[in-house]
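Asks: The structure that follows is given in the form of structure tokens.
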Amino acid sequence: MKLIFLGTGAGMPSKQRNVSAIALMTPQELNEIWLFDCGEATQHQILQTSLKPRKITKIFITHMHGDHVFGLPGLLSSRSFLDGTSPLTIYGPTGIQNFVEASLQASQTHLTYPLSFQEIHEGEIYSNEFLSVHSEQLTHGVTSYGFKIVEKDRPGKLLVHKLQEKGIKPGPIFQQIKENEVTITEDGEKLYRSDFVGPNQKGRIICIMGDTKFPERATSFVQSADVLVHEATFSHKHKDLAEKYNHTTAKEAALLAKNAKVKQLILTHISSRYQQEELIDLKREAKEIFPQSFIAKDFYEYDV
């Protein structure tokens, strides 16, 4: 899986950072693109990447502030022009359907694909054979959610040397053994998967959090995540502004990552007040508490 950061700024776009949007490239077996938030000009950002809008099948909206949703009508419209015909589902807080439908109706935009909505709640909001998505409400000026993408455990590695010891040559039978509890050879011999496949590989966990203050309240939700994507709108020296505008400081996000024992923290939603030297200080503030901290920039890619 791969995360592609399309917008890493806060509030309004700047020359260095567009507003919030993150693309998730799902496992190869699923081969879909999921989008998390869709701030203004997200489709322009996509043009600078290899992402194809027609492959976006799901859009998850953390909250209804403009810097997280104003790009939706344009992207949905352009998807039609770009041969998008497969269904698309938008998951988001109450109001997301009214916002999108009113925009499309007022602009007389007609989509070439089925569009559906799911107003979200806490708990599991989506699941397939490869991934599940869970949400938890955060503390912000409006209803805001964090999302946890959980990959289901994958079959272990095929123990090729054991198959070779049995005189079984590479071919379609290798895949059959991995997919079935019991495989019967042409000679009638029963081969048990447990004898030739290693232990299951634990699925990866990705947490993408919406805007929030009091991030420590999400400790159990993000526990042991492989990667935590969290806002760091302000440095801790501006903690008063963070509290006033319901946001998190880099230090607070790092404390959450440390206490939840996550593997990697990626900070985003950075205020435009922080440039060059100030960004170095912001990064240092986080790394002093949680060394595996990184500040994303637009078009940064992270392999999970």
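Asks: Would region 248-267 turn up any residue that is of a type outside the set (S, T, N, Q), part of a loop (DSSP other than H, G, I, E, B) and in contact with a strand residue (DSSP E or B) (Cβ under 8 Å, 6 or more places away or on another chain)?
Replies: yes
Asks: In region 222-255, which residues are of a type in the set (F, W, Y) and either modelled with pLDDT under 95 or crowded, with 21+ Cβ neighbours inside 10 Å (or both)?
Replies: The answer is F234, and nothing else.
Asks: Here's a follow-up. How many residues does region 110-124 hold that are over 16 Å from A218 (Cβ atoms) and in a strand (DSSP E or B)?
Replies: Qualifying residue count, region 110-124: 6.
Asks: Whether any residue in region 242-256 is free of Cβ contacts under 8 Å to residues at least 40 places away in the same chain, farther than 26 Å from V304 by Cα and charged (D, E, K, R) is what I want to check.
Replies: Among the residues of region 242-256, at least one is free of Cβ contacts under 8 Å to residues at least 40 places away in the same chain, farther than 26 Å from V304 by Cα and charged (D, E, K, R), which makes the answer yes.
Asks: While we're looking at this one, here's another question. What are the pairs with Cβ atoms under 8 angstrom where one residue, in region 193-215, is more than 30 Å from S271 (Cβ to Cβ) and of a type outside the set (D, E) and the other, located anywhere, is modelled with pLDDT of 80 or more and part of a helix (DSSP H, G or I)? Sequence gap at least six, or different chains.
Replies: From region 193-215, the pairs are R193/I177; F196/K162; F196/L163; F196/I177; V197/I177.
Asks: When region 139-172 is examined, which residues are found to be among the β-branched types (V, I, T), in a loop (DSSP other than H, G, I, E, B) and in the same structural domain as S220 (by TED's automatic domain parsing)?
Replies: V142, T143
Asks: Let me ask something else about it. List every residue pair whose Cβ atoms lie under 8 Å apart, where the two residues are 6 or more positions apart in sequence or sit on different chains, the first residue falls within region 97-118 and is free of Cβ contacts under 8 Å to residues at least 12 places away in the same chain, and the second residue, located anywhere, is exposed (fewer than 12 other Cβ atoms within 10 Å of the Cβ) and part of a helix (DSSP H, G or I).
Replies: From residues that are free of Cβ contacts under 8 Å to residues at least 12 places away in the same chain, there are no pairs.
Asks: Shifting gears a bit: Out of curiosity, is D37 over 16 Å from the mean Cα position of the chain (by Cα) and closer than 17 Å to V229 by Cβ?
Replies: Considered against the rule, which asks whether it is over 16 Å from the mean Cα position of the chain (by Cα) and closer than 17 Å to V229 by Cβ, D37 comes out as no.
Asks: Now a separate question. Run E136 past the list (1) over 23 Å from P27 (Cα atoms); (2) of a type in the set (D, E, K, R); (3) touching a residue at least 12 places away in the same chain (Cβ under 8 Å); (4) not in a strand (DSSP E or B) and report the number of the one that doesn't hold.
Replies: Of the numbered conditions (1) over 23 Å from P27 (Cα atoms); (2) of a type in the set (D, E, K, R); (3) touching a residue at least 12 places away in the same chain (Cβ under 8 Å); (4) not in a strand (DSSP E or B), the odd one out for E136 is (4).
Asks: What is the number of the single condition among (1) outside any strand (DSSP E or B); (2) of a type in the set (S, T, N, Q); (3) in contact with a helix residue (DSSP H, G or I) (Cβ under 8 Å, 6 or more places away or on another chain) that Q175 does not meet?
Replies: So Q175 meets the others, but not (3).
Asks: Of the numbered conditions (1) touching a Phe, Trp or Tyr at 6+ places or on another chain (Cβ under 9 Å); (2) not in a loop (DSSP other than H, G, I, E, B), S78 fails exactly one; give the number of that condition.
Replies: S78 satisfies all of (1) touching a Phe, Trp or Tyr at 6+ places or on another chain (Cβ under 9 Å); (2) not in a loop (DSSP other than H, G, I, E, B) except (1).
Asks: Continuing with this model, one more query. In the list L47, L72, which residue meets the criterion of being modelled with pLDDT of 95 or more, among the hydrophobic types (A, V, I, L, M, F, W, C) and under 22 Å from A106 (Cβ atoms)?
Replies: Just a single option satisfies the conditions, and that option is L72.
Asks: While we're here: Answer with yes or no whether Q105 is modelled with pLDDT of 95 or more, over 25 Å from the mean Cα position of the chain (by Cα) and in the same structural domain as I208 (by TED's automatic domain parsing). Break it down into steps so the answer makes sense when it comes.
Replies: Values: modelled with pLDDT of 95 or more: yes; over 25 Å from the mean Cα position of the chain (by Cα): yes; in the same structural domain as I208 (by TED's automatic domain parsing): yes.
It is true that Q105 is modelled with pLDDT of 95 or more, over 25 Å from the mean Cα position of the chain (by Cα) and in the same structural domain as I208 (by TED's automatic domain parsing).
The values are calculated or read from the model by the stated rules, or taken from the named source; none is laboratory data. Please read these numbers as outputs of a predicted model, since none were measured by experiment. So basically every Cβ, Gly included, is an ideal-geometry build from the backbone, and we count neighbours across all protein chains shown.
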